[in-house]
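One structure below.
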Amino acid sequence: MAALERVGPPDSRSLLGETVEILAGSQPLPAWHAAAPHRPVRAWRAVDVWDSERVLFVEYDGPVPHTLMAQISEVGGTMVDKLALLTPEAAEAWAAMREDGEVPMPPIEQDAGEVLADLALTLRLTDMTWPRQDDEDVVALRALAWARCRDHLPDWPERQPLDEAERARLLDAFTASRTGAAQEADTVRSLADLFLDYGENYLSRGPLCWSPGQVAGFLEDWLPRKAVLDQEHRMLLPAVLTQWVTFALTERGVEEPWISPVIAAVDAHASAFRTAFDDKEAWGPAKQISAALAARGVDLTDRDAVDAAVRTLNAERLAQQLTGRPRPSGS
(Lines give C-alpha, C1' and ligand atoms only; values in the text may rest on other atoms or scores of the structure.)
Protein backbone atom coordinates (compact mmCIF):
# COMPACT_ATOMS: atom_id res chain seq x y z
CA MET A 1 0.00 0.00 0.00
CA ALA A 2 2.89 2.36 0.72
CA ALA A 3 4.22 1.75 -2.78
CA LEU A 4 0.81 2.43 -4.32
CA GLU A 5 0.58 5.64 -2.30
CA ARG A 6 3.90 6.72 -3.81
CA VAL A 7 3.15 5.92 -7.45
CA GLY A 8 -0.64 5.84 -7.73
CA PRO A 9 -2.80 8.39 -9.60
CA PRO A 10 -3.02 11.75 -7.80
CA ASP A 11 -6.76 11.46 -7.10
CA SER A 12 -6.23 8.18 -5.23
CA ARG A 13 -3.26 9.15 -3.05
CA SER A 14 -5.32 10.67 -0.23
CA LEU A 15 -7.29 7.46 0.27
CA LEU A 16 -4.12 5.38 -0.02
CA GLY A 17 -2.42 7.59 2.56
CA GLU A 18 -5.25 7.04 5.01
CA THR A 19 -5.01 3.29 4.45
CA VAL A 20 -1.26 3.33 5.07
CA GLU A 21 -1.80 5.22 8.34
CA ILE A 22 -4.25 2.56 9.52
CA LEU A 23 -1.89 -0.28 8.60
CA ALA A 24 1.01 1.49 10.30
CA GLY A 25 -0.75 0.98 13.60
CA SER A 26 -0.21 -2.77 13.39
CA GLN A 27 2.95 -3.21 11.30
CA PRO A 28 6.10 -1.22 10.57
CA LEU A 29 6.29 1.01 7.54
CA PRO A 30 8.93 0.25 4.86
CA ALA A 31 12.30 1.85 5.54
CA TRP A 32 12.00 4.02 2.43
CA HIS A 33 8.57 5.42 3.30
CA ALA A 34 9.92 8.62 4.85
CA ALA A 35 12.52 9.14 2.12
CA ALA A 36 12.01 12.01 -0.30
CA PRO A 37 10.55 10.88 -3.65
CA HIS A 38 12.73 10.76 -6.74
CA ARG A 39 12.72 14.06 -8.63
CA PRO A 40 13.45 14.57 -12.33
CA VAL A 41 16.50 16.80 -12.55
CA ARG A 42 17.60 16.57 -16.21
CA ALA A 43 16.15 15.22 -19.44
CA TRP A 44 17.21 14.60 -23.04
CA ARG A 45 15.49 13.74 -26.29
CA ALA A 46 17.38 11.99 -29.13
CA VAL A 47 15.58 12.01 -32.50
CA ASP A 48 16.74 10.38 -35.73
CA VAL A 49 17.12 12.45 -38.89
CA TRP A 50 13.81 11.14 -40.29
CA ASP A 51 11.85 11.80 -37.07
CA SER A 52 10.77 8.15 -37.15
CA GLU A 53 12.36 7.14 -33.84
CA ARG A 54 13.29 8.95 -30.66
CA VAL A 55 14.77 8.03 -27.30
CA LEU A 56 13.85 9.89 -24.13
CA PHE A 57 16.11 10.05 -21.07
CA VAL A 58 14.91 11.45 -17.73
CA GLU A 59 17.47 11.53 -14.93
CA TYR A 60 16.30 11.37 -11.30
CA ASP A 61 17.94 12.15 -8.00
CA GLY A 62 16.72 10.70 -4.70
CA PRO A 63 17.63 7.64 -2.63
CA VAL A 64 18.82 5.74 -5.73
CA PRO A 65 19.75 8.11 -8.59
CA HIS A 66 18.87 6.63 -11.98
CA THR A 67 17.67 7.36 -15.52
CA LEU A 68 14.31 6.36 -17.00
CA MET A 69 14.68 5.62 -20.72
CA ALA A 70 11.92 5.25 -23.31
CA GLN A 71 12.43 4.24 -26.95
CA ILE A 72 9.59 5.45 -29.19
CA SER A 73 8.81 4.48 -32.79
CA GLU A 74 6.68 6.49 -35.23
CA VAL A 75 6.57 3.84 -38.00
CA GLY A 76 2.98 2.71 -38.35
CA GLY A 77 1.89 5.04 -35.54
CA THR A 78 3.29 6.41 -32.31
CA MET A 79 4.29 3.61 -29.93
CA VAL A 80 6.56 2.94 -26.96
CA ASP A 81 8.92 0.17 -28.05
CA LYS A 82 11.01 -0.15 -24.90
CA LEU A 83 11.31 1.13 -21.34
CA ALA A 84 14.40 0.73 -19.17
CA LEU A 85 15.98 1.92 -15.93
CA LEU A 86 19.60 2.94 -16.43
CA THR A 87 22.38 4.51 -14.42
CA PRO A 88 22.79 8.29 -14.11
CA GLU A 89 24.40 10.02 -17.11
CA ALA A 90 22.96 7.30 -19.37
CA ALA A 91 22.24 9.81 -22.15
CA GLU A 92 25.89 10.75 -22.48
CA ALA A 93 26.95 7.10 -22.34
CA TRP A 94 24.38 6.16 -25.00
CA ALA A 95 25.62 8.90 -27.33
CA ALA A 96 29.23 7.78 -26.85
CA MET A 97 28.38 4.18 -27.77
CA ARG A 98 26.84 5.07 -31.14
CA GLU A 99 29.09 4.16 -34.03
CA ASP A 100 30.08 6.04 -37.15
CA GLY A 101 27.60 5.33 -39.91
CA GLU A 102 24.62 4.95 -37.61
CA VAL A 103 21.65 7.23 -38.19
CA PRO A 104 22.39 10.50 -36.35
CA MET A 105 20.46 10.73 -33.05
CA PRO A 106 22.26 13.24 -30.84
CA PRO A 107 20.70 13.60 -27.36
CA ILE A 108 19.56 17.20 -26.85
CA GLU A 109 18.97 18.36 -23.29
CA GLN A 110 15.44 19.68 -22.83
CA ASP A 111 13.01 20.62 -20.09
CA ALA A 112 12.17 17.55 -18.01
CA GLY A 113 8.48 18.44 -17.91
CA GLU A 114 8.29 18.57 -21.72
CA VAL A 115 10.04 15.22 -22.08
CA LEU A 116 7.74 13.62 -19.49
CA ALA A 117 4.73 15.08 -21.33
CA ASP A 118 6.01 13.43 -24.53
CA LEU A 119 6.31 10.12 -22.68
CA ALA A 120 2.83 10.45 -21.15
CA LEU A 121 1.19 11.20 -24.49
CA THR A 122 3.01 8.31 -26.15
CA LEU A 123 2.06 5.87 -23.37
CA ARG A 124 -1.57 6.90 -23.75
CA LEU A 125 -1.46 6.35 -27.52
CA THR A 126 0.29 3.00 -27.03
CA ASP A 127 -2.28 1.81 -24.49
CA MET A 128 -5.13 2.83 -26.79
CA THR A 129 -3.87 1.51 -30.12
CA TRP A 130 -1.14 -1.04 -29.45
CA PRO A 131 -1.36 -2.37 -25.86
CA ARG A 132 1.84 -4.21 -24.90
CA GLN A 133 0.52 -6.64 -22.27
CA ASP A 134 3.00 -9.39 -23.16
CA ASP A 135 6.04 -7.34 -24.22
CA GLU A 136 8.77 -7.69 -21.62
CA ASP A 137 10.49 -4.55 -22.89
CA VAL A 138 7.46 -2.49 -21.82
CA VAL A 139 5.31 -4.34 -19.28
CA ALA A 140 7.81 -4.52 -16.42
CA LEU A 141 8.21 -0.74 -16.19
CA ARG A 142 4.94 0.52 -17.66
CA ALA A 143 3.33 1.28 -14.27
CA LEU A 144 6.46 3.05 -13.03
CA ALA A 145 6.71 5.11 -16.22
CA TRP A 146 3.06 6.12 -15.91
CA ALA A 147 3.59 7.07 -12.26
CA ARG A 148 6.51 9.30 -13.26
CA CYS A 149 4.78 11.08 -16.17
CA ARG A 150 1.03 11.01 -15.45
CA ASP A 151 1.03 14.47 -13.86
CA HIS A 152 2.47 15.83 -17.13
CA LEU A 153 -0.13 14.25 -19.45
CA PRO A 154 -1.14 16.98 -21.93
CA ASP A 155 -4.50 17.53 -23.55
CA TRP A 156 -5.05 15.83 -26.88
CA PRO A 157 -3.17 17.84 -29.50
CA GLU A 158 -5.34 19.47 -32.12
CA ARG A 159 -4.76 18.15 -35.62
CA GLN A 160 -3.46 20.92 -37.84
CA PRO A 161 -4.35 20.23 -41.48
CA LEU A 162 -1.87 21.30 -44.10
CA ASP A 163 -2.61 24.82 -45.25
CA GLU A 164 -3.99 24.84 -48.81
CA ALA A 165 -1.47 27.42 -49.92
CA GLU A 166 1.39 25.32 -48.52
CA ARG A 167 -0.07 22.21 -50.13
CA ALA A 168 -0.20 23.92 -53.51
CA ARG A 169 3.34 25.24 -53.05
CA LEU A 170 4.70 21.76 -52.33
CA LEU A 171 2.93 20.18 -55.30
CA ASP A 172 3.99 22.98 -57.64
CA ALA A 173 7.59 22.86 -56.45
CA PHE A 174 7.73 19.09 -56.84
CA THR A 175 6.25 18.97 -60.33
CA ALA A 176 8.58 21.78 -61.41
CA SER A 177 11.65 19.99 -60.06
CA ARG A 178 11.03 16.45 -61.28
CA THR A 179 12.38 14.82 -64.42
CA GLY A 180 10.25 12.82 -66.82
CA ALA A 181 8.12 12.97 -69.93
CA ALA A 182 5.79 15.99 -70.24
CA GLN A 183 2.80 13.76 -71.05
CA GLU A 184 3.13 12.15 -67.62
CA ALA A 185 2.67 15.47 -65.79
CA ASP A 186 -0.97 14.93 -64.77
CA THR A 187 -0.29 11.43 -63.47
CA VAL A 188 2.80 12.58 -61.60
CA ARG A 189 0.91 15.40 -59.87
CA SER A 190 -1.91 12.98 -59.00
CA LEU A 191 0.60 10.61 -57.39
CA ALA A 192 2.26 13.48 -55.52
CA ASP A 193 -1.17 14.45 -54.23
CA LEU A 194 -1.65 10.85 -53.04
CA PHE A 195 1.74 10.85 -51.28
CA LEU A 196 0.93 14.15 -49.58
CA ASP A 197 -2.51 12.89 -48.49
CA TYR A 198 -0.91 9.77 -47.04
CA GLY A 199 1.74 11.81 -45.27
CA GLU A 200 -0.81 14.16 -43.76
CA ASN A 201 -2.96 11.32 -42.43
CA TYR A 202 -0.48 8.57 -41.60
CA LEU A 203 2.98 10.04 -41.04
CA SER A 204 2.51 11.04 -37.43
CA ARG A 205 5.43 13.51 -37.29
CA GLY A 206 4.48 15.43 -40.42
CA PRO A 207 3.52 14.94 -44.08
CA LEU A 208 7.13 15.03 -45.28
CA CYS A 209 8.59 12.72 -42.60
CA TRP A 210 9.44 9.73 -44.77
CA SER A 211 11.82 7.03 -43.52
CA PRO A 212 12.77 3.53 -44.70
CA GLY A 213 10.17 2.03 -42.37
CA GLN A 214 7.45 4.44 -43.48
CA VAL A 215 8.18 3.62 -47.13
CA ALA A 216 7.88 -0.12 -46.40
CA GLY A 217 4.52 0.30 -44.69
CA PHE A 218 3.21 2.48 -47.50
CA LEU A 219 4.24 0.17 -50.34
CA GLU A 220 3.56 -3.22 -48.78
CA ASP A 221 0.57 -2.49 -46.56
CA TRP A 222 -1.37 0.72 -47.15
CA LEU A 223 -1.33 0.90 -50.95
CA PRO A 224 -2.40 -2.74 -51.52
CA ARG A 225 -5.20 -2.44 -48.94
CA LYS A 226 -6.47 1.07 -49.60
CA ALA A 227 -5.55 2.51 -52.99
CA VAL A 228 -7.24 2.09 -56.35
CA LEU A 229 -4.76 2.89 -59.15
CA ASP A 230 -4.99 2.58 -62.90
CA GLN A 231 -2.20 0.99 -64.88
CA GLU A 232 -0.37 4.24 -65.62
CA HIS A 233 -0.34 5.24 -61.94
CA ARG A 234 0.89 1.79 -60.93
CA MET A 235 3.65 1.81 -63.51
CA LEU A 236 4.97 5.25 -62.57
CA LEU A 237 4.46 5.03 -58.81
CA PRO A 238 7.88 3.64 -57.69
CA ALA A 239 9.85 6.15 -59.76
CA VAL A 240 7.67 9.08 -58.70
CA LEU A 241 7.80 7.98 -55.04
CA THR A 242 11.61 7.96 -55.27
CA GLN A 243 11.52 11.53 -56.54
CA TRP A 244 8.92 12.51 -53.93
CA VAL A 245 10.84 11.23 -50.89
CA THR A 246 13.96 12.96 -52.22
CA PHE A 247 12.01 16.20 -52.56
CA ALA A 248 10.24 15.82 -49.18
CA LEU A 249 13.38 15.08 -47.20
CA THR A 250 15.29 17.86 -48.94
CA GLU A 251 12.47 20.23 -47.94
CA ARG A 252 12.99 19.09 -44.34
CA GLY A 253 16.72 19.73 -44.51
CA VAL A 254 17.81 16.07 -44.36
CA GLU A 255 21.29 15.60 -45.77
CA GLU A 256 21.84 13.44 -48.86
CA PRO A 257 23.56 10.49 -47.10
CA TRP A 258 20.36 9.94 -45.11
CA ILE A 259 18.06 10.38 -48.10
CA SER A 260 19.77 7.46 -49.84
CA PRO A 261 18.48 4.78 -47.38
CA VAL A 262 14.91 5.98 -47.97
CA ILE A 263 15.38 5.77 -51.74
CA ALA A 264 16.85 2.30 -51.29
CA ALA A 265 13.72 1.30 -49.36
CA VAL A 266 11.57 2.25 -52.38
CA ASP A 267 13.69 -0.01 -54.57
CA ALA A 268 13.63 -2.81 -51.99
CA HIS A 269 9.83 -2.84 -51.57
CA ALA A 270 8.63 -1.95 -55.09
CA SER A 271 8.43 -5.59 -56.19
CA ALA A 272 6.42 -6.57 -53.11
CA PHE A 273 4.07 -3.65 -53.83
CA ARG A 274 3.39 -4.90 -57.34
CA THR A 275 2.68 -8.43 -56.08
CA ALA A 276 0.54 -7.39 -53.11
CA PHE A 277 -1.45 -4.85 -55.10
CA ASP A 278 -3.07 -7.62 -57.13
CA ASP A 279 -3.84 -9.79 -54.09
CA LYS A 280 -7.59 -9.25 -53.69
CA GLU A 281 -7.53 -11.10 -50.38
CA ALA A 282 -5.53 -8.21 -48.92
CA TRP A 283 -7.89 -5.48 -50.10
CA GLY A 284 -9.78 -3.49 -47.48
CA PRO A 285 -13.58 -2.99 -47.75
CA ALA A 286 -13.28 0.52 -49.22
CA LYS A 287 -10.93 -0.68 -51.94
CA GLN A 288 -13.15 -3.66 -52.73
CA ILE A 289 -16.12 -1.35 -53.26
CA SER A 290 -14.11 1.18 -55.27
CA ALA A 291 -12.78 -1.60 -57.52
CA ALA A 292 -16.30 -2.97 -58.02
CA LEU A 293 -17.61 0.46 -58.99
CA ALA A 294 -14.70 1.13 -61.33
CA ALA A 295 -15.35 -2.22 -63.02
CA ARG A 296 -18.90 -1.03 -63.71
CA GLY A 297 -17.62 2.16 -65.30
CA VAL A 298 -18.65 4.45 -62.44
CA ASP A 299 -16.83 7.79 -62.33
CA LEU A 300 -15.29 7.71 -58.84
CA THR A 301 -14.95 11.51 -58.84
CA ASP A 302 -18.75 11.95 -59.24
CA ARG A 303 -20.22 11.83 -55.70
CA ASP A 304 -23.83 11.38 -56.86
CA ALA A 305 -22.90 8.59 -59.26
CA VAL A 306 -20.88 6.83 -56.55
CA ASP A 307 -23.73 7.10 -54.01
CA ALA A 308 -26.22 5.67 -56.50
CA ALA A 309 -23.89 2.85 -57.49
CA VAL A 310 -23.19 1.95 -53.86
CA ARG A 311 -26.92 1.72 -53.15
CA THR A 312 -27.33 -0.58 -56.15
CA LEU A 313 -24.32 -2.68 -55.12
CA ASN A 314 -25.60 -3.04 -51.56
CA ALA A 315 -29.05 -4.07 -52.80
CA GLU A 316 -27.52 -6.69 -55.09
CA ARG A 317 -25.38 -8.09 -52.30
CA LEU A 318 -28.37 -8.29 -49.96
CA ALA A 319 -30.40 -10.06 -52.62
CA GLN A 320 -27.56 -12.50 -53.18
CA GLN A 321 -27.37 -13.25 -49.46
CA LEU A 322 -31.10 -13.86 -49.30
CA THR A 323 -31.40 -15.96 -52.46
CA GLY A 324 -27.97 -17.54 -52.75
CA ARG A 325 -27.73 -16.45 -56.39
CA PRO A 326 -24.37 -15.08 -57.55
CA ARG A 327 -23.94 -11.34 -58.01
CA PRO A 328 -23.34 -9.85 -61.46
CA SER A 329 -19.76 -9.92 -62.72
CA GLY A 330 -17.56 -7.15 -61.30
CA SER A 331 -19.53 -6.75 -58.06
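The values are calculated or read from the model by the stated rules, or taken from the named source; none is laboratory data. Fair warning: this is a prediction, and the values are worked out from it, not measured in the lab. Please note: Cβ atoms are built from the backbone with ideal geometry, for glycine as well, and neighbour counts cover all protein chains shown. Calculation scope for accessible area: heavy atoms of the full protein, side chains included, ligands and nucleic acids excluded. Shrake-Rupley method; radii C 1.70, N 1.55, O 1.52, S 1.80 Å.
Roughly how many debye, to the nearest 20, is the charge dipole of the range 98-151 about its Cα centre, given +1 on each Lys and Arg Cβ, -1 on each Asp and Glu Cβ, and no other charges? About 340 debye. With the convex hull drawn over the C-alpha atoms of the range 4-126, the volume per residue is 118 Å³. Mind running the shape call on the range 84-212? Use the C-alpha gyration tensor, a ≥ b ≥ c as the square roots of the eigenvalues: rounded below 1.5 for a/c, prolate if a/b tops b/c, oblate otherwise. Prolate, because a/c is 1.5 or more and a/b exceeds b/c.
The charge dipole of the range 211-262, taken about its Cα centre with unit charges on the Cβ of Lys, Arg, Asp and Glu (plus for the first two, minus for the last two), comes to roughly 160 debye. When a 1.4 Å probe is rolled over the protein heavy atoms, the share of accessible surface on the range 191-239 that falls to carbon and sulfur comes to 48 percent. If you fit an axis through the alpha-carbon atoms of helix 303-323 and take the longest principal axis of the Cα set of the chain, what angle between them do you get, 0 to 90°, nearest 10? Orientation of helix 303-323: about 90 degrees from the principal axis. Model label points for D299 and T250, set 7 angstrom from Cα along the Cα-to-Cβ axis, are 3.7 nm apart. Rolling a 1.4 Å probe across the protein heavy atoms gives the chain an accessible surface of 55 Å² per residue. Taking the chain as a Gaussian network of alpha-carbon nodes connected by springs under 10 Å, the highest mean-square fluctuation of the residues D221, D111, D100 belongs to D100.
Taking the C-alpha atoms only, the angle from helix 185-202 to the longest principal axis of the chain is near 30 degrees. Charge dipole (Cα centre; +1 on Lys/Arg Cβ, -1 on Asp/Glu Cβ; no other charges) of the chain amounts to roughly 1080 debye.
Comparing P161, H233, H38 along the charge dipole axis of the chain, the residue lying farthest to the positive side is H233, per the Cβ-charge model.
Between the residues W130, I72, L208, the greatest Cα displacement towards the positive end of the dipole of the chain, with unit charges on the Cβ of Lys, Arg, Asp and Glu, is found for W130.
Relative to the dominant Cα principal axis of the chain, helix 256-277 is inclined by about 60°.
Comparing L29, L249, L236 in a Gaussian network model of the chain (Cα springs below 10 Å), the most mobile by mean-square fluctuation is L29.
Per residue, the chain reaches -17000 deg cm²/dmol at 222 nm when only DSSP H runs of four or more residues are counted, each adding -39500 (n - 2.57).
Stretching the chain fully between E89 and E158 yields a gain of 21.4 nm (0.36 nm per residue, less the alpha carbon separation).
A cut-off under 14 angstrom between Cβ atoms defines the neighbours of E89, and their net charge, with Lys, Arg +1 and Asp, Glu -1, is -3.
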